[in-house]
Structure formats: C-alpha cells, structure tokens
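Structure, as structure tokens:
Every number in this text was worked out from the coordinates using simple rules, so none of it is lab data. The shown structure was predicted, so the numbers you read here are calculated from the model rather than taken from an experiment. Neighbour counts run over all protein chains shown; Cβ positions are idealised from the backbone, glycine included.
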Ligand SMILES: [Zn+2]
Ligand SMILES: [Zn+2]
C-alpha cells in the first residue's frame, strides 16, 4: 500500500512531467499544493479513502481525491503512466542539479533533445547549452559542477528519515517478539546520513525476527543472510539488518553493532574480544571503562578519555530551554505566533524567538520594517496569552552580497535578538565569504549566524570559510554560531562544530522550524553537538531566560 509520501511524490512527478510536456504551470498548482498537503498530513490517505473523507482535507479537491483513490485502490495512476510514455521520466533527474528547475529542463528537452543527466553533461562539455538563448558559458560551468556534485551522492538516507524509521521498527519488533530491541549502527551514533538501519534484538530466534519484520509491512525481500541475522529492504530505500542476540550477550552485541567499525576494532585490539554482557553498561563496567556515548564512538581518543573517567558530559535534548531561530506565518512559516508559543510551552521551553525573514528575501515573503512593527504588537499580545514563554522580537536578517544587512542599524537595535543569514553568493571564493561573514559579525547588533555554510546535505555543498578567522572574530565579537537542527542542513556539521567549541566559540542549536511539528527536529541538532563533544555550557540556548537576556544585553 503506498504511503502518503509515495503518493505525494507521484503528484509532484505528474506536475513536473506535465509542465515539461508544455502544460500551463497554473493548471498544475493544485497537484503541487496537494503534494505539500500530503507531506504534512497526520492521517494516512489510505484510511481517508476507506472512510470517504479525502475531500474534507483542505487543498484536496474532487479531481485529486479521485486520483488518490485510484492510486490507493489499484496501486497505479493511469494518467501518470500515459504521461510517462510521452515524456521520459529520466528528465526529472536533471531537477536534482542545484539551480536547475522545470523551466530549464523543458528547454533542454524541447530545444536540444536532451533527456537525461548523461546527455546534459555531454552537451555542456561540447558548449551546446550556451547556444540556447539566455544561457552562457557561466551557466554551462554551473551545470557541470552541479552534476559533479550529484555524482558524489551516496544513496544514503538522512538521519531525519533513518532515525524515525528505525524507532518505529524497533517498537514494532519489540511489541511482536516481547523482547528488548535496540537501535544500533550509524543511526544510533547520529551520523548525518545512514547507509542502513541496524537493530539488535534480545532473542536468539532469527526466524521469529524475520516473521515479525514481514508483519511490520515496511520491508520487502526479507531473508536470513546468516543464521543469526535477518535482513530486508526498507521502503525508504536502505537495507535493514537485525541481529538475533542471545539475551546474555545483548549488551556486548549492541556495543559491537553500534560501531563505528574502526572504533570497535580498536577496542578489540586493546581489550581482546571483550566480555559477554547483558547490557552495555555492564559491558563497559567489565572493561573498567567509563561508558562511551554512541555519538563519540568515532574517535579512538575517546577510549583513552574513558579509561581515566575524563569523557565530556554531553548536552541532552532536556538541557534545551528554548529555540532562537524559527518562522511564523508572518513570513514563510505555517504556524501563527500564538501556535508556536503554545507548542513551545508544551515542550517545556522558557523562551522562543520569532525570527521571520527580513523584507529583502522576496522568495520567503520577508517582513518589511513596517510589518515588523505590526508583528511586535502581536508578539506582545502572545506574550500575555502564554505567560510561561517569553517571546523575543527577532529577525532572520538577510546578508547582502556586500556583507551589509537587510535592515538599518536603528531597526536592529530595537530587536531583542538578531539572527543573520547568508542565502546567496555561497559559491563565492573562500576569501570573499570569510570577509563577508566577518563584516556581519562585527555589526554589534548581530547575535547569531544561522546555518553558516548554507549547505543542504547531498544537494548543495554550501560555502567554505577560513574557519580560524571566523572563530576568532566570533569570540571577539561574542557572536554565537548556529547548529541548524534541520536534518537536511545540520549546519555547522559535527567536525566544524567540534573545532568551534574547542576554540571557545559559543554555539546555539535552533530548529529553524517553519511549523509547529518541526520544533521536534531539535534532537538532530543536539545529536550533532554531542558528536562534536559539546556539553550544555557550550550552547547558548541551554541558559535560563535571565542569563540569556543578560547575554543579549538588552
Ligand atoms: Zn535561513
Ligand atoms: Zn530560517
């Protein structure tokens, strides 16, 4: 049965292929809107079809409802099948190139007969693309570097997809088998992308595990690849591997299956095969080691620290007292200020900064100075309605190409908190980018640099800086650098965050939420900070409100 995301993918595919075929994009808005709706829907479409309630969902009209019904009931969509006969779906792979949209692909296809990435690359190399009106050598070079970037992609899964999928599987297996089931592997270590989902079950019955995997409904191709390992292919596109562990060795096997491979190998070299243990805690105890958190099991140095009880105390989600970068429906967010505040209260927070985009970023419905002042009235009202949460008047201020900010200093001075962001020119040289960010940090009103590199994992490499200079100026000016918790960004990434922390730079972990549910992405940012060896004292938003306000000096 197709899940909501698969259905949304097909709607998007239909819209993209129709547009490339020559359909008026306005007539396709309904499909794209419906796809967005499905992505955020809590209920399953299958259920809604069964109960005949699809048209009750805002944004789903009778036409799309009939389409979804067809897909759910027959597993296919005849109109999409026909369209794929007319327009090659390989065209869609070109949309993965940063900066290439349906408009460009349409022209490559109709004017040059290009149908896939390989042909596009060849045409760009032969200087054929620049023959198109409006294209030049610069666009060709950009296409080539974009394709080179795509070719490095690994087919791995974002931790933002991998962790929830592994959690659900562990829960289902544990309920069916009535034994403990733990997440292991790179998911447990909170790697930013994962190649497979590894679990360890406290049961030596691999056949029962395989049966339970089949019942979960998320896997195909289930088999026993070894007498004690059940595997299958997950709908998300990666392999699932479940180890059937003797309950007496559950802890030691969990250690081995958590990795990293180099880390476990180094431990085995120092301690031999290691004792059999029912729990990981017992395993470490038997080795006379301080328990090493999974996120730190990449660096062999941690073994030495654990030996002398010198591991850092890592930050936890429960240390976080607020979120300092998020969006409301005043810019491109979906929640009202009041809804975001209420959601923050439910999460036990003390404060929240309403940091909508500044006016210059047209694409995200930026807030002009005039509307900013109107927003403050609403923020004050919400502050009275949800007194448990202190809402800060903030802004995600756009950094222009020359390093100047989108709002004048007088306006910045009136804000409680200023988050500065670079969204453009991220492909400029390291010198230029460093100079630009230094200029921003030297503005006395700027408190936080959001998603500093602007990378999108496996899609856009992001900017490169002379980090030593950036850290030095951040320290000097008291600017906090963000770990953006959105699993597509995780920016700063773990290694750079570790360097920043060692240099004494204050970090801040923000979700950049555009809706209420995305406030829960915090754990991915915390995962990055833990991998970077950061404790609560290294992160601005672990501070109580009074000390935060003190730091802000406002
Ligand atoms: Zn941003
Ligand atoms: Zn943002």
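Worth a mention:
- Antiparallel bridge percentage (DSSP; both residues within segment 157-307; nearest 5): 70 percent
- Pairwise Cα separations in segment 1-91 fall into 10 Å bins from 0 onward with the following percentages, short to long: 17, 53, 26, 4.
- The chain - share of DSSP beta bridges that are antiparallel (%, nearest 5): 40 percent
- Rounded if a/c under 1.5, otherwise prolate or oblate - segment 187-275, Cα gyration tensor axes: oblate
- Beta bridges assigned by DSSP with both partners in segment 317-552 are antiparallel in approximately 10 percent of cases.
- For segment 98-249, the share of alpha carbon pairs falling in successive 10 Å distance bins from zero is 11, 31, 17, 14, 16, 9, 2, 0 percent.
- Coarse-grained scattering of segment 31-173 at q = 0.17 Å⁻¹, given as base-10 log I(q)/I(0) from a Debye sum over alpha-carbon atoms: -1.05
- Diffusion constant of the chain at 10 °C, which comes from Stokes-Einstein with the Kirkwood Cα-pair radius and 1.306 mPa s, µm²/s: 61 µm²/s
- Gyration tensor (alpha-carbon) shape descriptor, segment 216-324, a/c threshold 1.5: oblate
- Pairwise Cα inverse-distance average, inverted: Kirkwood Rh of segment 482-554 (Å): 12.5 Å
- Ordering of 61-69, 187-195, 301-309 by packing [mean C-beta count within 10 Å, highest first]: 187-195, 61-69, 301-309
- In terms of its alpha-carbon gyration tensor, segment 78-117 comes out prolate; a/c meets the 1.5 threshold, and the first ratio a/b outweighs b/c.
- Sum of -39500 (n - 2.57) over DSSP H runs of 4+, divided by residues of the chain (222 nm, nearest 500): -13500 deg cm²/dmol
- When each of the peptides 401-411, 523-533, 79-89, 509-519 is scored by the mean number of other C-beta atoms lying within 10 Å of its residues, the order from highest to lowest reads 523-533, 509-519, 401-411, 79-89.
- Whole-Å semi-axes of the ellipsoid equivalent to segment 317-552 (Cα gyration tensor, √5λ, descending): 25, 21, 16
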